[in-house]
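What follows is a set of notes on a single structure, which appears directly below.
The values are calculated or read from the model by the stated rules, or taken from the named source; none is laboratory data. None of these values were measured; they are calculated from a predicted model. Note: ideal-geometry Cβ built from the backbone for every residue, glycine included; neighbour counts use all protein chains shown.
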Amino acid sequence: MRILNVITYYRPHTSGLTIYAERLCRALAARGHQVTVLTSRFDPNTPLEEVVDGVRIVRVPVAFRISKGVIMPKFGMMASKLVAENDVIQMHLPQFDAAGVALRGRLMGKPTVITYHCDLHMPPGALAWAANQGVLFMNNLAALFTKSIVTYTRDYAEHSPYLTRYMRKLHIIPPPVELPPVTGEDIASFKHLHNPESRRPVIGMAARFATEKGVEVLLNALPKVLERFPNALVLFAGPYQNIIGEEAYFARLSGQIEEYQQRGCWKFVGTLNPAQMAAFYPNIDTLVLPSLNSTEAFGLVQIEAMMNGVPSIASALPGVRQPVMIHEMGKVVPIGDQTALSDALIDVLSNPERYKRPADPIRQRYLPDTIAAEYEKLFASMMNEIQL
């Protein structure tokens, strides 16, 4: 099959959405499909076109931005060309340009699939509100032109204002999760670099530094945790400086973070590549996802942690709570509740064996090849329906 993936941001941009798309595209290419990604050239230093891991990446220049959105005057022309060239179209939402792509697929008789990653919540402000309404309107149009919509869990779908309108089109496919092999030497090197002191409890957070991630909930939970574990350390993995649309959020929390850094109980380790992430998880005792709203739909990092025997503490958001509930590795806490988070951290750090589970069944369930095979079946069935 010739498969076109359409996504606003793709690698090297780092987010759960871009990592999902990259893993799936690589897996589909490895299964023998011709995979093309149509995306924005959000970084002018990236090439307009290249092939990475068997996936052709086509980037459209960005004229300007509206909050986190990008305006690409040449996008429509490129979309028409690539929709015509491919057999099936997969769009990753939320995305402003999806409606036009879906309409092209409908007019050209190409089956289109939406993978819906999360609801959209823009930062405060009139311009951001207008942008949010525009994206929502276009996403609803895309759903009308599309036959199938995929999301990670039924739990999230049943609580999403967007997805509840299209339940008859819904297909549940878990996300693809994988990490490269890691050696004991790699793990030890990571520890020597980021936590060279003697054994102490380590709390991991792996995310972009963004409003919806609830970083302040963890910050406010730490005093009680440090009373019980005075030498505890937070390792924050992910981009944290100059995040588009999140500069004010970082500035608001920076004073609190600096205080913890000076005390030696908070460290930013920066954006890690897959091999470094594979060494990150064995160096933490628990992962936290104190996410605050439905822009977080699952939390792929929870599965990555569980594959390494590390439990997760997640907020009780639809979808986000599912990895802990399904695999019984960790605790679910009320959204935004710093006291509940501190109590959960103390419990998990005090009783690690209570939350251990075999890692291999979890690893097998989320293999990118397993997930690509499920998409392959969906694409094939849709193509067969059109031919009939």
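Observations on the model:
- Output for region 328-370, where each listed residue is surrounded by fewer than 24 Cβ atoms within 10 Å (Cβ to Cβ), in contact with a strand residue (DSSP E or B) (Cβ under 9 Å, 6 or more places away or on another chain) and closer than 22 Å to Leu179 by Cβ: Pro352, Tyr355
- Within region 76-98, tally of residues that are surrounded by 22 or more Cβ atoms within 10 Å (Cβ to Cβ) and either among the hydrophobic types (A, V, I, L, M, F, W, C) or over 19 Å from Met382 (Cα atoms) (or both): 11
- Test: residue in region 200-214 that is free of Cβ contacts under 8 Å to residues at least 12 places away in the same chain, within 22 Å of Phe236 (Cα to Cα), surrounded by fewer than 20 Cβ atoms within 10 Å (Cβ to Cβ) and basic (Lys, Arg): no
- Residue ID - farthest from Glu185 (Cα to Cα), chosen from residues in region 263-288 that are surrounded by 22 or more Cβ atoms within 10 Å (Cβ to Cβ) and of a type in the set (Val, Ile, Thr): Val288
- Test result for Glu374, closer than 16 Å to Leu24 by Cβ and of a type outside the set (Lys, Arg): yes
- If you go through region 228-246 and keep only what is modelled with pLDDT under 85 and either in the same structural domain as Thr14 (by TED's automatic domain parsing) or not hydrophobic (A, V, I, L, M, F, W, C) (or both), you end up with Gln241, Asn242, Gly245, Glu246.
- Residue ranges of helices (runs of 4 or more DSSP H) in region 281-365 with at least 1 members among the acidic types (Asp, Glu) and either in contact (Cβ under 8 Å) with a residue 12 or more places away in the chain or in the same structural domain as Lys224 (by TED's automatic domain parsing) (or both): 300-306, 338-350, 360-365
- Look at (1) without any contact (Cβ under 8 Å) to a residue 40 or more places away in the chain; (2) not in a loop (DSSP other than H, G, I, E, B) and you find that Gly105 fails only one, number (1).
- Residue count for region 9-19, restricted to those that are in a loop (DSSP other than H, G, I, E, B) and surrounded by fewer than 24 Cβ atoms within 10 Å (Cβ to Cβ): 6
- If you go through region 146-183 and keep only what is at pLDDT below 95 and among the small types (Gly, Ala, Ser), you end up with just Ser160.
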